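Reviewing the structure listed below.
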Amino acid sequence: KFKQIKMMKYFDVVFAVNKTTTNSINNYFGITKAHYLPNCIDKIDKNFFLKRKKKDKKFTIGGMGRLVDKKGFENLIKVCMKIPDIKLLIAGDGPLMKKYINLIKNHKNIKLLGWIKNKNDFFNENDVFCSISKIEPFGIVILEAMARGIPVICSKCNGPKDIIRSGYNGMLIEDDNLAKLAKDLNELKKNKNMLNKFSKNGLQEVKNRYTLKSYRRNLLDFLDGNKIIC
């Protein structure tokens, strides 16, 4: 937010979790005050996707987050209503829960799970994970899916567009391009080779760039006067 950027005049150095915010801060002050330092996770299960045993053989799409408008769940629900032979699982709660419950009436293939305790149980059922937020500064849950080898489709907003190289380790779409989202989901549903490619490359991307070890290395390099390599 602009008022937050103004307050950064009191700091010598600012770390930002996406490149767009980094550039905005530096453009505002006219100096290199902000440095891109992406978030990280500390748990990776490289065999999760291969060893999992799904309870439901139907092609399953997962979404997770607070049920608010900016997370884009309504668009995801509407797209999945029109795709035959798929299942949609949404984990999370929030003020739009009742609205979404009414929206999915007569659509037994779409489940609202509320807050979940065990993320492994949730991701175990995912063939693809979707994050189509209208606004997303970073997206830790995207890394959590990739770290389990789950292929991802994300909206092209500030955080995800730094993480995902479309066609290599996932797919990027404009948050309001529902036709493209439906097309990509149908393509992944039919294309196991593409699923495996995104699974493999996504997992490798997390291992290379988004572990606690990588975060520590980048921070120490910066403190030693070296450029952060992300």
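Values as computed for the structure displayed
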quantity	calculated
Residue within the stretch 2-20 that is under 19 Å from ASP162 (Cα atoms), of a type in the set (Ser, Thr, Tyr) and more than 20 Å from the chain's Cα centre (by Cα) present	no
Residue check, LEU89 in contact with a Gly (Cβ under 8 Å, 6 or more places away or on another chain), open to solvent by 80 Å² or more (accessible area, probe 1.4 Å) and hydrophobic (A, V, I, L, M, F, W, C)	no
Qualifying positions in the stretch 134-148 - surrounded by fewer than 23 Cβ atoms within 10 Å (Cβ to Cβ) and not acidic (Asp, Glu)	LYS134, ILE135, PRO137, PHE138, ILE140, VAL141
Residue in the stretch 178-185 that is under 16 Å from the mean Cα position of the chain (by Cα) and open to solvent by 20 Å² or more (accessible area, probe 1.4 Å) present	no
Residues satisfying the stated conditions in the stretch 112-124, i.e. surrounded by fewer than 18 Cβ atoms within 10 Å (Cβ to Cβ), farther than 18 Å from GLU74 by Cα and not hydrophobic (A, V, I, L, M, F, W, C)	LYS117, ASN118, LYS119, ASN120, ASP121
Some residue of the stretch 70-77 being closer than 27 Å to SER214 by Cβ, surrounded by fewer than 18 Cβ atoms within 10 Å (Cβ to Cβ), among the charged types (D, E, K, R) and under 21 Å from the mean Cα position of the chain (by Cα)	no
Residue among ILE5, ILE31 that alone is open to solvent by less than 100 Å² (accessible area, probe 1.4 Å), more than 30 Å from ASN126 (Cβ to Cβ) and touching a residue at least 12 places away in the same chain (Cβ under 8 Å)	ILE5
Within the stretch 101-111, considering residues that are without any contact (Cβ under 8 Å) to a residue 40 or more places away in the chain and in contact with a strand residue (DSSP E or B) (Cβ under 6 Å, 6 or more places away or on another chain), the one least open to solvent (accessible area, probe 1.4 Å)	ILE110
Members of the stretch 186-198 that are in contact with a strand residue (DSSP E or B) (Cβ under 6 Å, 6 or more places away or on another chain) and either more than 16 Å from ILE86 (Cα to Cα) or open to solvent by 30 Å² or more (accessible area, probe 1.4 Å) (or both)	LYS189, PHE198
Of residues in the stretch 163-215 being assigned to a strand (DSSP E or B) and among the hydrophobic types (A, V, I, L, M, F, W, C), the one nearest to PRO151 (Cα to Cα)	MET171
Scope the stretch 137-160; condition free of Cβ contacts under 8 Å to residues at least 60 places away in the same chain and either touching a helix residue (DSSP H, G or I) at 6+ places or on another chain (Cβ under 8 Å) or under 16 Å from LEU203 (Cβ atoms) (or both); matching residues	GLY139, ILE142, PRO151, VAL152, ILE153, CYS154, PRO160
Yes/no for LYS1 being closer than 25 Å to ASN201 by Cα and out of contact with any Ser or Thr (no Cβ under 7 Å at 6 or more places or on another chain)	no
Any chance ILE135 is at pLDDT below 95, outside any strand (DSSP E or B) and over 9 Å from the mean Cα position of the chain (by Cα)	yes
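The values are calculated or read from the model by the stated rules, or taken from the named source; none is laboratory data. As the structure is a computational prediction, the values presented were derived from the model and not from experiment. FYI the Cβ positions are ideal-geometry reconstructions off the backbone, even for glycines, and counts take in every protein chain you see. Surface areas here come from the heavy atoms of the whole protein model, side chains and all, with no ligands, DNA or RNA. Shrake-Rupley method; radii C 1.70, N 1.55, O 1.52, S 1.80 Å.
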